[in-house]
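J.: The structure follows.
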There are 2 protein chains.
Amino acid sequence: MRIPYDEVINQLKMTLTAHGCCEEKAGLVAATMADNSLAGVYTHGINRFKRLIANIDSGVIDVNAQAEKTGGLGGYEVYEGKRGLGIWNAVLATKRVLELAKIHGIGCVALRNTNHWLRGGTYTGMIADAGMAGIAFTNTKNNTVAWGTMSGCIGNNPISMAVPGPRGCPNVAVDMAMSQFAWGKLELAKLEGRQLPMEGGHDLDGNPTRDPDKIMESKRIMPTGMWKGSSMSILLDLVAACVSGGNTVHQLSGLGDEQALSQVFLAINYRALNNAGEIEESIQDTLENLLTQTPAKDGMAVRYPGQSSGTVKADNLAHGIPVDERVWEEILAL
Amino acid sequence: MRIPYDEVINQLKMTLTAHGCCEEKAGLVAATMADNSLAGVYTHGINRFKRLIANIDSGVIDVNAQAEKTGGLGGYEVYEGKRGLGIWNAVLATKRVLELAKIHGIGCVALRNTNHWLRGGTYTGMIADAGMAGIAFTNTKNNTVAWGTMSGCIGNNPISMAVPGPRGCPNVAVDMAMSQFAWGKLELAKLEGRQLPMEGGHDLDGNPTRDPDKIMESKRIMPTGMWKGSSMSILLDLVAACVSGGNTVHQLSGLGDEQALSQVFLAINYRALNNAGEIEESIQDTLENLLTQTPAKDGMAVRYPGQSSGTVKADNLAHGIPVDERVWEEILAL
């Protein structure tokens, strides 16, 4: 079924308010989650709303918490997230990092003890929309196999990067977990009764499998690029913990459902020091070169990362956001 | 054969001087390349020396160039690398980014029109040695297949990250290209007459292959994690170009042998705002948890990224650096 964008926002906002959120927070969180689904990132939009509410009800998320600055030096600031709403904290961090980058050329805001931000691309997208280059990463609960072990003891720790698209095109953007398949992609495949397009993890007996159910059961998700994603995951975790003074994956994984995360937001005000027009032209040339390569399969279009978000958004705005009927019924019952 | 560390440095330095480098630059470049081999990164040490000299002789690298600051705002500075020695420029950028991070909490130095830095880990290692978190990335010539095409039109654009190891342990560090196998790994496998441990690219006919020769011929190296590494490569390229005001992969690939690269160096002075002792302890706990997991194969040890560099270094210092005899003879003849 497809639900109009406005109806989605209203429903999510109403539910959030009923579960203790103030108007302002409920509005921002509802709009952000609706926007994620609107942009086609269904795994990190409406599909996760039930879990968000469960986390609010169980006290994992404190809807009344306000993040507090614990220190600052030049362009770098650290905030205690007080286990508040992840989206709320991350938007606050992003707005602040843009202010810092305006003054200091580069800004870095780190959040500790915060909660799931849903989609890193939301925040790097805000940075790119402001004409800067954005990088953001978070740690997660342990959910990915460390290379050289059979143990899912590392996080999938997504990183997102974005730069403004040239001449009104959508931002060039990546938002990727260090597992070959994000947890949300496993959930979506399970929901749709699909196998994964390639082996994405091991079952409880140690056999590689495409079955999302078996991987979610074993929590043995393969790192992306094997040893590469595993190492990168460990570094993203430790850098996030160092820079925020917060938990590592290992530390927060002992706390129950995913919570008390460490996140880093970087904005680089590159137009302050370089020729913005020349850069826009060189991005345009570079993307054009990519888009005019021969596709690997006939009839398949080559796309730059982030390109399709615009068309999906337009379609979902016009025809409503595709939502699994069971998911929507569950939300109505919350 | 194994050559004593000092002998390697002296030989490389002498050769560099003979090809026009001043004493100071020759000394730094020789020591850095010897250190890369000493640390076990053979692909980006002595094995690449012949190519460096060829690039100097052909004018790709201008040994007399001095990088020049083109702009600065707070913690962010941009330098024109003037196609100077890549290692020299990158060390200069790293020293400067440490000064900036000391004052501004975070530092960002971008280099444009610079040359191959050999190993990103050299620079993030310097940052971690100074007690900060380091991130550095570079673009490269087009050498990796873009997802959705059969065309090697993107770079493998390595990124390196490092944080100080706890209590005197080696830094936790990653240095990875966005191809599943770095060009240097293909060269090493070819040199040693080995096939790759997994499919790493396509041959000229479009068939997946483990043969390094065929992949080097087609230049169709697979991105790490397929669509993930491909997207990440594109973003690392565009961010590097935006932040430095320099070339993208597409632009520099038209110039002949790899040259005129864009690079970014970030240092975060996290100890200025957080409790350094607590962070060290939490890194220690987290690594201990990783190292005590059951290995995937009997007799195989679990290691953290960067851990083995210490033991390899000690062994190579004691017994000399392993060098392929042909490679060493070629160097002696330069």
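J.: Sum -39500 (n - 2.57) across every DSSP H segment of at least 4 residues in the protein assembly as shown, then divide by the residue count to get the 222 nm mean residue ellipticity, nearest 500.
T.: Computed mean residue ellipticity for the protein assembly as shown: -13000 deg cm²/dmol.
J.: Please compute, for peptide B:305-314, the average count of beta-carbon atoms on other protein chains lying within 10 Å of each residue's beta-carbon.
T.: Per residue, the average neighbour count from other chains is 1.
J.: Could you sort B:26-39, A:203-216 so that the peptide with the highest average Cβ count within 10 Å comes first and the rest follow in order?
T.: Packing order, densest peptide first, comes out as B:26-39, A:203-216.
J.: Shifting gears a bit: Give the distance, in whole Å, between the Cα centre of the range A:181-222 and the Cα centre of the range A:28-73.
T.: 25 Å
J.: Would you mind checking which residues have amide H under 5 Å from B:GLY225's amide H? H placed 1.01 Å from N; only 5 or more apart, or other chain.
T.: Residues meeting the amide H criterion: A:GLY225.
J.: Would you mind counting up the charge near B:VAL97? Only other residues with Cβ under 14 Å from its Cβ, with Lys and Arg at +1 and Asp and Glu at -1.
T.: Summing Lys/Arg as +1 and Asp/Glu as -1 gives +1.
J.: What residues have an amide H closer than 5 Å to that of B:ALA65, excluding those fewer than 5 places away on the same chain, when H is modeled at 1.01 Å from N in the peptide plane?
T.: B:LEU85
J.: On average, how many beta carbons from a partner chain sit within 10 Å of the beta carbon of a residue in A:293-300?
T.: 4
J.: Further question: What list of ³J(HN,Hα) couplings, whole Hz, do you get for the range B:139-146 from phi and the Karplus terms 6.51, -1.76, 1.60, once you set θ to phi - 60° and write x for glycine and proline?
T.: 9, 9, 5, 5, 8, 9, 6, 6
J.: Between copies, how far apart are the B:GLU278 label points? List them in nm, one decimal, shortest first, with each point 7 Å from Cα toward Cβ, please?
T.: Computed spacing set for this position: 4.6 nm.
J.: In addition: With a ≥ b ≥ c the root eigenvalues of the C-alpha gyration tensor of chain B, is it rounded (a/c under 1.5), prolate (a/b larger than b/c) or oblate?
T.: Rounded, because the longest to shortest axis ratio a/c is under 1.5.
J.: Sticking with this structure for a sec: What whole number of Å gives the distance from the Cα centroid of the range B:77-111 to the Cα centroid of the range A:266-313?
T.: Cα centroid of the range A:266-313 versus Cα centroid of the range B:77-111: 27 Å apart.
J.: Relative contact order for the range B:91-201: what is it in percent, counting Cα pairs under 8 Å that are at least 6 residues apart?
T.: Rounded, it is 18 percent for the range B:91-201.
J.: Continuing with this model, one more query. If contacts are Cα pairs under 8 angstrom and at least 6 residues apart, what is the relative contact order of chain B in percent?
T.: Value for chain B: 21 percent.
J.: Across the residues of B:277-287, average count of Cβ atoms on other protein chains within 10 Å?
T.: What the average comes to for B:277-287 is 4.
J.: Additional query: Which net charge results when you count Lys and Arg as +1 and Asp and Glu as -1 among the other residues whose beta-carbon is under 14 Å from that of B:MET198?
T.: Its environment carries a net charge of +1.
J.: Need the list of lysines near B:LYS102 for cross-linking: C-alpha distance under 30 angstrom, and skip anything on the same chain fewer than eight residues off.
T.: Leaving aside lysines fewer than 8 places away in the same chain, those within reach of B:LYS102 are A:LYS69, A:LYS82, A:LYS95, A:LYS102, B:LYS25, B:LYS69, B:LYS82, B:LYS313.
FYI, it's all coordinate maths here, none of it is from the lab. Quantities reported herein were computed from a predicted structural model and do not represent experimental measurements. Glycine also receives a Cβ, built like all others from the backbone with ideal geometry; neighbour counts cover every protein chain displayed.
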